[in-house]
Amino acid sequence: MIHVVGAGVAGLVAALVLARAGREVTLHEATPGAGGRARALPDGTDNGTHALIGANRVALGFLDEIGARAGWIEPEPDGLPVLDLEDGSARLVALSPLGWWRADRRPAGVSAGAVAAMMRMAIPVPDRTIGDAMAAHPAFLRGFVDPLTIAALNTPAHEASSRRMGQVLRRLGAPGATRLFVARRGLGPDLVEPALDAIGKAGGRYVSDHRLRRLDQSGGRATALHFHEDSIPLGAQDRVVLALPPWEATRLLTHVDAPHSHAPIVNLHFARTGPGPVRFIGLLGALCQWILVRPEGVSVTVSAGDAEAGEDADTLAARAWTEILRAAMAFRLPGEWPMATPACRVVKERRATPRQRPGAIPRPKRLHLENLALAGDWTWPHLPATIEAAACSGRAAARTVA
Ligand SMILES: Cc1cc2nc3c(=O)[nH]c(=O)nc-3n(C[C@H](O)[C@H](O)[C@H](O)COP(=O)(O)OP(=O)(O)OC[C@H]3O[C@@H](n4cnc5c(N)ncnc54)[C@H](O)[C@@H]3O)c2cc1C
């Protein structure tokens, strides 16, 4: 038997790989629902907007494997609409520098020197902050690099690691790598439910509300798993994949090289329905970084929102709605856009991702004990903590224990 503990993306990927390889698998999840930091809330709302790009080949491959790829649509194939609230300028921006040959797809402040400074971060030179690396190009830093940094690293450019950014930039050159995708209906129907369905069809077993409380080990092996109401002794053939966030892995195991500082993401979900289509808009000089407009509702993302994580929900909603109205006007979004702030649900994920500052990247051993492998976005040192990193780690952990 292989026990996969934690049903976030890493655990879902590991469980599917193992079940499809014919192994006997049980996936244990602490909470009532799977998905972890990429989950649907009980009312069907996503905890937060999740975007994938074409470079996320393992994550997109996983969506293919579970039959959910068609649910991830490209809302802005002609370029990302970006509104700068400071000067009111609205433009379409190509996410790939290759698209900047068109003057009407260039970000603010772009120049040959600015692009060269950004591309230098792709070379693994000594690590420093992205703010320092781009200091000579403040307009391009503000108009393109900082939003990209916050989106990819959930850490503002003046704090974030240029080496971490280099990991992202090196993957953006391939054809289609910068195409941006979002879940058409949401993370429940477009990710978590098809993943659980595929695991079940492959013979895997899923148990929710089953939190691993303690783990016994002896002689370099895990020997028993203790959940709230039951304990499972591990036989010689049994294996474990711990697909947990870093704070849980370090609670259960000793000597794990894990990140200790985390950054929040605040999401606001407004009950505003409209005709569609799905739109994805970036804001500069604003509280909100991204606005996702779906027929069923409007969501905004405030990444690395340390201050906002402590702010009162009504104040945040009123501030965000004012910005959304300006974006709706700038890009002539169809449908009704009431002046009064609609009902809003605020979701504060206080430990959304590790803070990606310059310094050593944690490199936990994949096979932590003879029969126990680690998975999770933070265990994949080649990328910042994202769905892609989680998917890569889940696949690697499954192969290791199999
Ligand atoms: C609001 C928000 C927006 C984001 N946006 C993006 C984005 O646009 N693109 C992107 O690529 N990434 C994004 N991310 C990051 C992405 O969600 C994570 O990198 C990814 O989901 C991590 O998956 P994981 O499986 O490694 O960990 P987790 O999702 O943390 O999964 C761990 C699972 O283990 C369970 N668990 C914990 N303790 C126990 C225990 N003791 N016993 C059993 N189970 C346990 C948890 O409940 C959870 O289900 C975002 C994250 C947040 C929070």
Go over the candidates ALA51, ALA21, ALA40, ALA34 one by one and state the one that is outside the structural domain of VAL347 (by TED's automatic domain parsing) and more than 20 Å from the chain's Cα centre (by Cα). ALA21
Members of the stretch 206-225 that are open to solvent by less than 70 Å² (accessible area, probe 1.4 Å) and in contact (Cβ under 8 Å) with a residue 24 or more places away in the chain: VAL207, SER208, HIS210, LEU212, LEU215, GLY220, ARG221, ALA222, LEU225
What's the number of the condition ALA340 fails, among (1) free of Cβ contacts under 8 Å to residues at least 40 places away in the same chain; (2) in a strand (DSSP E or B); (3) more than 30 Å from PRO138 (Cα to Cα); (4) not hydroxyl-bearing (Ser, Thr, Tyr)? (2)
So if I check each of VAL278, VAL240, VAL256, which one is open to solvent by 10 Å² or more (accessible area, probe 1.4 Å), away from the ligand (no atom under 11 Å from the Cβ) and within 30 Å of GLY220 (Cβ to Cβ)? VAL256
Of everything in the stretch 38-54, what is in a loop (DSSP other than H, G, I, E, B), open to solvent by 20 Å² or more (accessible area, probe 1.4 Å) and within 11 Å of the ligand (Cβ to nearest atom)? Give them in sequence order. ARG39, THR49, HIS50
Which one is modelled with the highest pLDDT, of the residues in the stretch 290-333 that are open to solvent by less than 30 Å² (accessible area, probe 1.4 Å) and within 16 Å of ASP146 (Cβ to Cβ)? THR301
If a residue must be assigned to a helix (DSSP H, G or I) and within 14 Å of the ligand (Cβ to nearest atom), how many such residues does the stretch 2-22 contain? 9
I'm checking my understanding of the structure. Among residues of the stretch 59-93 that are out of contact with any strand residue (DSSP E or B) (no Cβ under 8 Å at 6 or more places or on another chain) and in a loop (DSSP other than H, G, I, E, B), which one is farthest from ASP190 (Cα to Cα)? ASP87
Which ones in the stretch 195-205 are under 30 Å from HIS382 (Cβ atoms) and surrounded by fewer than 20 Cβ atoms within 10 Å (Cβ to Cβ)? ASP197, ALA202
Reported set for the stretch 70-86 where residues are closer than 13 Å to PHE331 by Cβ and open to solvent by 40 Å² or more (accessible area, probe 1.4 Å) is ASP78
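Looking at ARG319, ARG332, can you tell me which residue is of a type outside the set (A, V, I, L, M, F, W, C) and either touching a residue at least 12 places away in the same chain (Cβ under 8 Å) or in a strand (DSSP E or B) (or both)?
ARG319
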The condition from (1) on the phi > 0 side of the Ramachandran plot; (2) modelled with pLDDT under 95; (3) over 23 Å from the mean Cα position of the chain (by Cα); (4) not β-branched (Val, Ile, Thr) that GLY99 misses is numbered (1)
Test: ARG345 is assigned to a helix (DSSP H, G or I) and open to solvent by 40 Å² or more (accessible area, probe 1.4 Å): no
Just to be sure before I move on: is SER89 open to solvent by less than 40 Å² (accessible area, probe 1.4 Å), small (Gly, Ala, Ser), without any contact (Cβ under 8 Å) to a residue 24 or more places away in the chain and under 26 Å from ASP146 (Cα atoms) in the structure I sent? yes
Looking only at the stretch 175-230, filter to residues that are in a loop (DSSP other than H, G, I, E, B) and within 30 Å of VAL93 (Cβ to Cβ); which one of those is farthest from the chain's Cα centre (by Cα)? PRO175
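The values are calculated or read from the model by the stated rules, or taken from the named source; none is laboratory data. This structure is a prediction, so every number in the text was calculated from the model and none was measured. For neighbour counting, all protein chains shown are included, and Cβ atoms are generated from backbone atoms with ideal geometry for every residue, glycine included. When the accessible area is computed, the model is the full protein with side chains, heavy atoms only, and any ligands, DNA or RNA have been set aside. Shrake-Rupley method; radii C 1.70, N 1.55, O 1.52, S 1.80 Å.
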